Amino acid sequence: MPNPIEDRRPPITPQLAVRVAVLGGVAFVLFAIIFFRLWFLQVLTGDEYVSQARENRVRKVKIEAPRGNIVDRNGRTLVKTRAAPVVQILPNSVPDEETEAADEYRTALASAEGARLKAAEDLKALERRLSGKRRKPTKAQKAERRRLRKASSRAERVAIPPIPADAPELRALYRRLGKVIDLPPRTIHKRVVAGLADQPGANVTIKTDVPPEAFNFLLEHRDEFPGVVVEKKYLRYYPHDELGAQLFGTLREISPEELKEKRYRGLEQGTRIGKDGIEETYDKYLRGTDGFTRVIVNSMGSRDDTRTATRVPPIQGRQLQLTLDLGLQRAANDAMAQAIDAANGNFNPAKAGAFVAMDPRNGEVLALGSYPSFDANLFAKPIDQKTYERLNSEDEGAPLFNRAISAGYPTGSTFKPITALAAMEDGILTPTTVLNDPGVFRYGGREFKNAGDAVFGSLALPRALQVSSDVFFYQLGASLNERGPVIQDWARKLSFGKPTGIDLPGEYGGLVPDRKWRDKGFAEYQKCAKKAKVPVGTQAALFACGGIERPWAGGDNVNLSVGQGDLQATPLQLATAYAALANGGRVVTPHLGQEVQDGAGRQLEEIRKPLARKVDIDTPDLDAIRSGLLAAATQAGGTSADVFEGFPYPVHGKTGTAERQPNADQSWYACWVDDPTRPIVVVVTVEEGGFGAEAAAPAARLILEKWFGVRGGEFVQGASRTQ
C-alpha cells in the first residue's frame with residue numbers, strides 16, 4: 001500500500017538539484033581550506049610558532065653601555081663615567097592632562113626665550129647706534145638701554161601648572177612615590193612636566209643617586225608604581241668641576257627625528273647621545289654598545305627575576321684623548337680670575353672673558369675656556385629651571401656661554417698686524433715706509449686721535465706696532481678704502497669672518513664689515529622702515545628694522561684698520577690669525593681631538609687633522625710685523641714690555657683696548673713664543689677689563705709661565721694706555 005506521506009513529497013526539480021550541488025561544493029571547498037590551513041599551522045610551521053610562544057614569555061631588557069672616558073694630552077682624566085641608581089617615569093604612562101601641561105609649558109618657555117632674544121637684538125642695535133653717533137646717550141636712551149639689558153639678561157620665569165585636578169590616580173602615585181624617594185608630589189610633577197617639555201618621548205628622570213633601601217623597595221613593589229622605572233644608569237663625572245666645562249657638552253636621549261639620520265643608524269629609542277661640545281662631536285667613539293638581558297615573564301606579564309635566560313654584557317665606549325693640557329687649562333682659568341680681580345681693582349666692571357692657547361704648528365688647542373665657568377657635574381643629573389636660567393643669565397656672566405668660540409667682539413689694536421699685512425701686500429706700504437703721526441688724523445669731517453692724545457711723530461711699521469700708533473693705521477685704512485676691500489680680503493684669508501672649523505659645535509663665524517655688507521643692510525633697513533611706516537633714523541625704526549642706518553663710508557675702513565667699528569671676531573679666530581703670522585703663513589684648523597684609545601690608553605685610531613691652508617706672504621713683510629710685535633713685548637716703549645720684563649723667552653705680542661660703547665673698554669692681548677720644541681700662541685680677552693696691558697697681557701704672561709715652567713705667579717700689570 002503506498003505511503004501517503006511520501007506521495008505528498010514534491011519531486012526535486014533540476015534547478016533545486018543544481019543549487020544543492022553548488023552549496024555542497026562551496027562547503028567542501030571551505031572545509032578543505034580550513035583543513036589545509038590547520039595542517040600548515042600545526043605541521044609545517046608548528047616549530048616556528050612554538051618558538052614564538054616561548055619568546056612571548058621572554059623579554060629583552062637593554063643594559064646601557066658606559067661611555068668612554070675623556071683624557072688630556074698626558075692621559076689625565078677629564079671626564080669619566082659612574083653608575084648611579086635612578087628613578088624614572090615612562091612618558092606613555094602619564095595621563096593626557098599631564099602631557100598637555102607639558103606642551104603648554106614648552107610653548108610658554110619658547111615664547112619667553114623668544115622675547116629675551118628679541119630684547120637682546122634690540123639692545124645690540126641700540127648700542128651700535130649709540131656707538132656710531134659718538135655722543136652721550138639721552139636720558140630716554142639710557143632708560144631704554146636699562147630696560148633692554150634687564151629683559152635680555154634673563155627670560156621671564158614660566159610657572160609650571162599644578163597637578164591636574166581630574167587625575168586622582170596620578171596624584172596618588174606621586175604621593176606614594178614621594179614617600180619612598182623623599183620628594184614632595186609637587187616636585188615630582190614639576191620634573192615630569194619639565195622633562196616631557198624638554199624631550200617628549202624620553203623617560204623622565206625623577207631622582208638620581210636614590211638610596212639603596214628606596215631603590216630595592218621600588219624594585220620589589222613595582223606593581224604598586226605603574227609607569228615607574230628603577231635602574232642603574234651611567235652618569236658623567238667631571239673630577240675637575242669647572243675646568244673646561246663649556247667644552248665637554250652633556251648627554252640626552254636620542255629624538256625620533258635623529259633616529260632617521262645616517263650617523264645614528266642602528267640606534268634604538270632611549271639611547272643616550274652626546275649633546276653639544278666634545279660629547280656631540282665624538283659621540284660615535286664615546287658611545288659604547290648596549291648589552292641586554294633576556295628575562296622570563298609570567299602569564300600575568302610580571303617579570304620573574306628568579307630566572308634569567310641569557311645576558312649579553314655591554315661594551316664601554318672608546319677613550320678619547322684631547323690635545324688639552326690640564327695643567328695649562330687650570331693655570332689659564334686661574335689667570336682669568338686674577339685678571340677680573342685686577343680690572344675690578346682699576347674700577348672696571350669686568351666679570352667675564354675668554355682665553356685660547358694653541359700650538360701654531362698644527363692647531364692643537366692646548367687650553368681653551370670661558371670665564372666665568374660652572375660645575376659641569378650640574379648637568380650629569382636633571383637640572384631645574386631656576387639653575388638653568390642662572391647659568392644663562394647675563395647678570396651672572398652667562399657661564400654656559402663659550403666666549404672663546406661663540407662671542408664676537410671688536411679686537412682693538414690686536415688687529416693692526418692684519419691691516420699692516422694688507423697694506424704691504426697691496427703695495428701702498430713697505431717695511432721702511434715712514435709716516436707722520438701728529439696725534440690726530442682728520443678724515444671725512446671727523447678727527448681720529450691716538451689714545452691719550454699721544455704724538456709719536458715720524459715712524460715706520462715696526463715702530464708703529466711697538467708703540468701702537470693709531471694715527472699710523474688710520475692713514476692706512478683711509479688709503480686702502482680707495483682700493484677696495486683690501487683689509488677685508490686679508491682678514492678673511494687669515495681666518496676672520498667665517499668659522500675656523502674647530503671640532504666643537506656652536507662656533508660663531510664673526511663679521512668682517514665691508515661696503516657690500518653695509519650697503520645691503522642699509523637698503524634692507526630703508527625698505528623695512530617704509531613697510532613698517534616708521535621714520536628712518538628713529539628709535540622705532542631701529543627696533544623694527546635693525547641698526548644699519550647708513551651706507552658705507554670711508555670712516556668705516558678707518559675704524560676697521562684698528563680693529564674697531566663693526567668688526568666681530570672670536571678669540572679663537574684671533575689666535576688662528578696670529579698662528580699664521582708665527583708659522584710663516586699657514587692657516588691651521590684648531591682642533592681638540594687627538595686620538596681614540598682603548599681603556600688602557602693604547603692608540604686605536606688617530607683622529608684625522610685638517611690640512612693647513614697656505615697664504616703667500618712676502619718674507620720681508622712678515623719679518624717687519626714680527627719685528628714690531630717682538631719690540632712691543634721686549635723693548636722699552638713697547639706696549640707690553642713692562643708686563644714681560646724679566647721673562648726668559650722672547651715674546652711677540654700686541655695689546656688691544658677695544659671700545660664697545662656703551663660698555664667699558666675691552667682688554668685684549670695676543671702673542672706667541674717661537675720655541676723650537678714647545679711653540680705656543682696665546683690670546684686673552686677680558687670684557688670691560690680696561691686697557692690691554694692692565695688685565696689681558698698679565699694673564700697671558702701667567703699662562704706662558706705655566707707652559708714653559710717659569711717661576712713667577714705674580715700678576716704684573718702694565719702701564720700702557722694705548723688702544
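Annotations
- Per this entry, Leu504 is counted among residues that are buried (at least 24 other Cβ atoms within 10 Å of the Cβ) and of a type in the set (A, V, I, L, M, F, W, C).
- Residue in segment 585-612 that is modelled with the lowest pLDDT, counting only those that are of a type in the set (Gly, Ala, Ser) and surrounded by 13 or more Cβ atoms within 10 Å (Cβ to Cβ): Ala612
- Identity of the residue in segment 519-533, loosely packed, with under 14 Cβ neighbours inside 10 Å and of a type in the set (A, V, I, L, M), that ends up modelled with the lowest pLDDT: Ala532
- Flag if Glu224 is without any contact (Cβ under 8 Å) to a residue 60 or more places away in the chain, among the acidic types (Asp, Glu) and not assigned by TED's automatic domain parsing to the domain that holds Arg403: yes
- Inclusion of Thr500 among residues that are outside any loop (DSSP other than H, G, I, E, B) and in contact with a Leu (Cβ under 6 Å, 6 or more places away or on another chain) is not warranted.
- Count of segment 436-495 residues which are acidic (Asp, Glu) and surrounded by fewer than 21 Cβ atoms within 10 Å (Cβ to Cβ): 4
- Condition check for Pro91: over 27 Å from the mean Cα position of the chain (by Cα), buried (at least 19 other Cβ atoms within 10 Å of the Cβ) and touching a residue at least 40 places away in the same chain (Cβ under 8 Å): yes
- Identity of the residue in segment 339-396, in contact (Cβ under 8 Å) with a residue 60 or more places away in the chain, within 21 Å of Glu659 (Cβ to Cβ) and not hydrophobic (A, V, I, L, M, F, W, C), that ends up surrounded by the fewest Cβ atoms within 10 Å (Cβ to Cβ): Pro349
- Residue identified as surrounded by fewer than 20 Cβ atoms within 10 Å (Cβ to Cβ) and touching a Pro at 6+ places or on another chain (Cβ under 9 Å) among Ala245, Ala214: Ala214
A quick yes/no check of all residues on (1) assigned to a strand (DSSP E or B); (2) under 23 Å from Gly584 (Cα atoms):
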{"site": "Ala631", "(1), (2)": "no, yes"}
{"site": "Asn663", "(1), (2)": "no, no"}
{"site": "Ser667", "(1), (2)": "yes, no"}
{"site": "Asp675", "(1), (2)": "no, yes"}
{"site": "Gly689", "(1), (2)": "no, no"}
{"site": "Ala700", "(1), (2)": "no, yes"}
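- Beta carbons closer than 9 Å, at least 6 apart along the sequence or on distinct chains, pair a first residue in segment 59-79 that is under 19 Å from Asp283 (Cα atoms) and of a type in the set (Asp, Glu) with a second that is modelled with pLDDT of 95 or more and assigned to a loop (DSSP other than H, G, I, E, B) for Asp72/Thr323; Asp72/Leu324; Asp72/Asp325.
- When restricted to residues that are part of a loop (DSSP other than H, G, I, E, B) and surrounded by 16 or more Cβ atoms within 10 Å (Cβ to Cβ), segment 613-629 contains 2.
- Those residues of segment 648-692 which are without any contact (Cβ under 8 Å) to a residue 40 or more places away in the chain and surrounded by fewer than 24 Cβ atoms within 10 Å (Cβ to Cβ), in sequence order: Pro650, Val673, Asp675, Pro676, Thr677, Arg678
- Considering (1) under 30 Å from Trp707 (Cβ atoms); (2) part of a loop (DSSP other than H, G, I, E, B); (3) over 16 Å from the mean Cα position of the chain (by Cα), the lone condition that Thr430 does not fulfil carries the number (1).
- In segment 405-427, the residue that is nearest to the chain's Cα centre (by Cα) out of those that are on the phi < 0 side of the Ramachandran plot and surrounded by fewer than 21 Cβ atoms within 10 Å (Cβ to Cβ) is Ser406.
- Residues of segment 197-223 satisfying the condition of being assigned to a helix (DSSP H, G or I), of a type in the set (D, E, K, R) and modelled with pLDDT of 85 or more: Glu213, Glu220
- Verdict on Ala404 being assigned by TED's automatic domain parsing to the domain that holds Ala577, part of a helix (DSSP H, G or I) and farther than 30 Å from Leu368 by Cβ: no
- Filtering segment 694-711 to residues that are touching a Phe, Trp or Tyr at 6+ places or on another chain (Cβ under 9 Å) and at positive phi leaves nothing.
- Checking each residue of segment 249-261 against the condition of being in contact with a Phe, Trp or Tyr (Cβ under 7 Å, 6 or more places away or on another chain) and under 30 Å from Arg76 (Cβ atoms) gives at least one match.
- The numbered conditions (1) closer than 12 Å to Thr639 by Cα; (2) of a type outside the set (Phe, Trp, Tyr); (3) in contact with a Gly (Cβ under 7 Å, 6 or more places away or on another chain) are all true for Ser720 except (3).
- Within the option set Gly537, Gly547, Gly565, being under 25 Å from Ala451 (Cα atoms), more than 26 Å from the chain's Cα centre (by Cα) and either of a type in the set (Asp, Glu) or outside any helix (DSSP H, G or I) (or both) holds for one residue only, Gly565.
- When Arg157, Arg175 are checked against the criterion of being within 27 Å of the chain's Cα centre (by Cα), modelled with pLDDT of 80 or more and closer than 30 Å to Gly195 by Cβ, Arg157 stands alone in meeting it.
- If you go through segment 565-580 and keep only what is more than 23 Å from Leu247 (Cα to Cα) and surrounded by fewer than 24 Cβ atoms within 10 Å (Cβ to Cβ), you end up with Gly565, Asp566.
- Taking the conditions (1) within 21 Å of the chain's Cα centre (by Cα); (2) surrounded by 18 or more Cβ atoms within 10 Å (Cβ to Cβ); (3) modelled with pLDDT under 95 in turn, Asn402 satisfies each one other than (3).
- Looking at segment 230-346, the strands (runs of 3 or more DSSP E) lying wholly inside it that each contain 2 or more residues that are of a type in the set (Val, Ile, Thr), modelled with pLDDT under 95 and farther than 20 Å from Ile607 by Cα sit at 291-297, 303-312.
- Looking across Gln666, Gln661, one residue alone is touching a helix residue (DSSP H, G or I) at 6+ places or on another chain (Cβ under 9 Å) and either over 20 Å from Ile703 (Cβ atoms) or at pLDDT below 95 (or both). It is Gln661.
- Residue in segment 579-598 that is charged (D, E, K, R), assigned to a helix (DSSP H, G or I) and in contact (Cβ under 8 Å) with a residue 24 or more places away in the chain present: no
- Selection of segment 122-151 for residues being assigned to a helix (DSSP H, G or I) and surrounded by fewer than 15 Cβ atoms within 10 Å (Cβ to Cβ) yields Lys124, Lys133, Lys139, Ala140, Lys142, Ala143, Arg146, Arg147, Lys150.
The values are calculated or read from the model by the stated rules, or taken from the named source; none is laboratory data. None of the values given here were measured: they were computed from a predicted structure. Glycine also receives a Cβ, built like all others from the backbone with ideal geometry; neighbour counts cover every protein chain displayed.
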